[in-house]
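Participant: Encoded as structure tokens, here's the structure I'll be asking about.
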Amino acid sequence: MIKIEKLKKIFSTSNGRRIAVNEINLSVEKGEFFALLGPNGAGKTTTISILSTILKPSQGTVTVDGLDVVKSPHLVRQKIGIIFQDPSLDDRLSASENMDFHGRLYGLSKAQRLMQSESLLKMVDLWDRRNDLVRTFSGGMRRRLEIARGLMHHPKLLILDEPTIGLDPKTRRTIWEYIHLSRKRWGMTVFLTTHYLEEADSADRVGVMDEGILVAVDTPENLKKMVGPEVLVLQTDPENLESIRSFLENRFKINDCHLDPEGEISFPLPAGEGNAINIVRTLPGNIYSMTIRKPDLDDVFIQMTGKNMSLNQENASPFHRVYRGKL
Amino acid sequence: MTDDIFDNQAVSIDIPMPLVRDLRAIYTLWLRDVIRLWRDKVRLVGSLIQPLLFLFILGGGLRGRFSGGMAGSENYQQFIFPGILSMSILFTASFAGIAVVWDREVGFLKEVLVAPLSRTAVVLGKVLGGSTNSLLQALLLFALFPMFKIHVTIGQFIGAILTMFMIGLAQTAMGIALSARMSSSQGFMVLLNFIILPLYFLSGAMFPLIGLPTWLSMAVLADPLTYGVDLLRGILLGAHHFSLPIDILALGSFGSAMIFLAAKLFNMESPGL
Ligand SMILES: Nc1ncnc2c1ncn2[C@@H]1O[C@H](COP(=O)(O)OP(=O)(O)OP(=O)(O)O)[C@@H](O)[C@H]1O
Ligand SMILES: [Mg+2]
């Protein structure tokens, strides 16, 4: 469905050139659910803008369903539905007018527009507010409307740029149910960027992007295997973190520790029985607690980029918060 | 629970032919502009104030200074009436350009730019919407014609509407072309002021085009609005400075050139998205 070859995007700004996307290669199959992870400024939105024909590549080629985004942008646009990271509604129009406008632009008949508008507005729980101007909507309501709108014309490829930020858990669940159902119904391909771990976890494949480079692409399971079987999380005094880190490095050759300024340190456990206890015993300073857990995508992320994905976002994954909390 | 949402809807949504789709899209963009103007009553009425000031205060004040017989008119107010109509069109038409930059700032423009319509259709939709808006506002002013003892036959009325729509098209197209590369509405307004006021003052809206110094008459000839004002004045007061074909040709070619330019500019990468 998507084929990206040697894609490069350079922005020229007043402070010189900035390479936002640096020679990435990627292909996504028809019907696949692909998630792109990366810290702020990694180049995710830029990649999506090129996919959706809003920006043009500086180098390389991108095709959607076999159609080149530069040579036949209007045919590509026909196939995609997109939910932008930033707002894109007309707030002087009502919710149903925004839907209707979209339906008209995509050539839906009146009957189709009415039907789609009703079922989707009901899905995102805005049916009662359909005649209110978008100006009067809350942030989450606007987001829901944008999602409903993006699905209205049954796109072959749905592009979602951090779609569920600011949505309550129930709405997020309903929307994901709907998206998965649409995938089943007409084989819709999904291309997602997100900072929610569990959203990325349910993807078929995950790409990790950092500073314009795609550092890894694989299934979530395989990516986690790359980290190792288990991750050890220790709670200590914040001022003790550095000494533990250098100790681990010298004594156990563990280089990829992740430090949390609140006094938490986590690292992939080297294989072997009883290792965790051995390590913890020898560490300097106070250790208040230790936890062993399976690696998650955040660990993958830390290991590949040295950055913490969830910490970039106000709304870190709830799952992530659980283990970051005091033990 | 979610499953029954699908039960009453067609799974395949068929895609119309490109031309049909573009025509529908143009209509859609037009409709949005008209709905938005209708909602924005302050804008609808507020934009009448400036032309009214010119018409009654400037026109009234200078009326005694210019004694009759100017270009087929009985008095100065009657003379500038077509010019004031053109001014209202010029100002509201450029609003269409500001609206595009606003759409870009609030992000709505992206929704239009990823939709399956050609950039030419985007430009045509915006130009038609903007010129309809400016025509509606000019018609509100036009309703004052009996006050200036202008006699309008049905034929003249239709001619005036067509002319005003044409001026609107040309000026909106200019505004849209200018908006294509602009990402700040404040910057755009500054730019517009630089362009609109000279266009207006040079158009012969306020003075007859006879006995001007050479440099001024050159500038007047280069101003596309001149021909619009002349056409409208010719139709309403029966006195052309140029001839009907020249007016139509000049206005028409300026408008088409601007539409063409706007479509070209919109085909480039949109700034600041
Ligand atoms: N229009 C632009 N002009 C100049 N630089 C830009 C522009 N758009 C993006 N950039 C730069 O490109 C880089 C990548 O930005 P991008 O928006 O793709 O990041 P992202 O991965 O989507 O981040 P986030 O998680 O914050 O949404 C950043 O350094 C950004 O400053
Ligand atoms: Mg982004």
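The values are calculated or read from the model by the stated rules, or taken from the named source; none is laboratory data. All figures in this text were calculated on a predicted structure; none of them were measured in a lab. No Cβ is skipped: glycine too gets one built from the backbone with ideal geometry, and neighbour counts run over all protein chains shown. All accessible areas refer to the heavy atoms of the entire protein, side chains included, with ligands and DNA or RNA removed. Shrake-Rupley method; radii C 1.70, N 1.55, O 1.52, S 1.80 Å.
Participant: Name every residue in region B:17-45 that is within 12 Å of chain A (Cβ to nearest Cβ) and charged (D, E, K, R), in order of residue number.
Facilitator: B:Arg21, B:Asp22, B:Arg24, B:Arg32, B:Asp33, B:Arg36, B:Arg39, B:Asp40, B:Arg43
Participant: Then there's this: List every residue pair whose Cβ atoms lie under 7 Å apart, where the two residues are 6 or more positions apart in sequence or sit on different chains, the first residue falls within region A:107-131 and is facing chain B (nearest Cβ under 9 Å), and the second residue, located anywhere, is among the polar types (S, T, N, Q) and crowded, with 20+ Cβ neighbours inside 10 Å.
Facilitator: What qualifies is A:Leu108/A:Gln116.
Participant: While we're on this one: For residues that are assigned to a helix (DSSP H, G or I) and small (Gly, Ala, Ser), scanning just region B:25-53, find the one that is farthest from B:Leu136 (Cα to Cα).
Facilitator: Only one residue fits best here, namely B:Ala25.
Participant: For residues that are modelled with pLDDT of 95 or more and surrounded by fewer than 15 Cβ atoms within 10 Å (Cβ to Cβ), tally how many sit in region A:11-26.
Facilitator: The qualifying residues number 1.
Participant: Oh, and also: With the condition kept exactly as written, say whether any residue in region B:46-62 is in contact (Cβ under 8 Å) with a residue 60 or more places away in the chain, within 11 Å of chain A (Cβ to nearest Cβ) and open to solvent by less than 40 Å² (accessible area, probe 1.4 Å).
Facilitator: no
Participant: Assuming A:Lys9 fulfils every condition listed in (1) away from ligand 2 (no atom under 16 Å from the Cβ); (2) over 24 Å from A:Ala148 (Cβ atoms); (3) within 12 Å of chain B (Cβ to nearest Cβ); (4) within 22 Å of the chain's Cα centre (by Cα) apart from one, which condition is it?
Facilitator: Looking at each condition in turn, A:Lys9 falls short on (1).
Participant: Among the candidates A:Pro73, A:Pro87, which residue alone is surrounded by 21 or more Cβ atoms within 10 Å (Cβ to Cβ) and either in the same structural domain as A:Leu126 (by TED's automatic domain parsing) or within 16 Å of ligand 2 (Cβ to nearest atom) (or both)? Walk me through it before giving the result.
Facilitator: Numbers: A:Pro87 fails: surrounded by 21 or more Cβ atoms within 10 Å (Cβ to Cβ).
That would be A:Pro73, the only listed residue that is surrounded by 21 or more Cβ atoms within 10 Å (Cβ to Cβ) and either in the same structural domain as A:Leu126 (by TED's automatic domain parsing) or within 16 Å of ligand 2 (Cβ to nearest atom) (or both).
Participant: Let me ask something else. When region B:213-239 is examined, which residues are found to be closer than 21 Å to B:Ser73 by Cα and part of a loop (DSSP other than H, G, I, E, B)?
Facilitator: Listed by number, the residues that qualify are B:Gly238, B:Ala239.
Participant: Considering only region A:49-70, how many residues are free of Cβ contacts under 8 Å to residues at least 24 places away in the same chain and crowded, with 19+ Cβ neighbours inside 10 Å?
Facilitator: 3
Participant: Only one of (1) in a helix (DSSP H, G or I); (2) crowded, with 21+ Cβ neighbours inside 10 Å fails for B:Leu139. Which number is that?
Facilitator: Unmet condition: (2).
Participant: Applying the selection to region B:112-121, what residues are in contact with an Asp or Glu (Cβ under 8 Å, 6 or more places away or on another chain) and either surrounded by fewer than 24 Cβ atoms within 10 Å (Cβ to Cβ) or farther than 22 Å from B:Leu135 by Cβ (or both)?
Facilitator: Taking region B:112-121 and keeping what is in contact with an Asp or Glu (Cβ under 8 Å, 6 or more places away or on another chain), we get B:112, B:117-118, B:120-121.
B:Val112, B:Leu117, B:Ser118, B:Thr120, listed by residue number.
Participant: Would you check if A:Lys30 is at positive phi and either open to solvent by 30 Å² or more (accessible area, probe 1.4 Å) or within 13 Å of ligand 2 (Cβ to nearest atom) (or both)?
Facilitator: Working: at positive phi: no; either open to solvent by 30 Å² or more (accessible area, probe 1.4 Å) or within 13 Å of ligand 2 (Cβ to nearest atom) (or both): yes.
Taking the combined requirement at face value, the residue does not satisfy it.
Participant: Follow-up. Check B:Phe254, B:Phe242 and return the single one that is touching a residue at least 12 places away in the same chain (Cβ under 8 Å), in a loop (DSSP other than H, G, I, E, B) and open to solvent by 20 Å² or more (accessible area, probe 1.4 Å).
Facilitator: Numbers: B:Phe254 fails: in a loop (DSSP other than H, G, I, E, B).
Within the list B:Phe254, B:Phe242, the selection yields B:Phe242.
Participant: Another question, if that's okay. Checking the conditions here, which among A:Val21, A:Val28, A:Val62 is within 18 Å of the chain's Cα centre (by Cα), within 16 Å of ligand 1 (Cβ to nearest atom) and β-branched (Val, Ile, Thr)?
Facilitator: Details: A:Val28 fails: within 16 Å of ligand 1 (Cβ to nearest atom); A:Val62 fails: within 18 Å of the chain's Cα centre (by Cα).
Only one candidate qualifies: A:Val21.
Participant: Does any residue of region A:203-224 turn out to be basic (Lys, Arg), without any contact (Cβ under 8 Å) to a residue 40 or more places away in the chain and out of contact with any strand residue (DSSP E or B) (no Cβ under 7 Å at 6 or more places or on another chain)? Step through it out loud before you land on a result.
Facilitator: Filtering region A:203-224 down to residues basic (Lys, Arg) leaves A:205, A:224.
Next, from what is left, pick out any that are without any contact (Cβ under 8 Å) to a residue 40 or more places away in the chain: none.
Scanning region A:203-224 turns up no residue that is basic (Lys, Arg), without any contact (Cβ under 8 Å) to a residue 40 or more places away in the chain and out of contact with any strand residue (DSSP E or B) (no Cβ under 7 Å at 6 or more places or on another chain).
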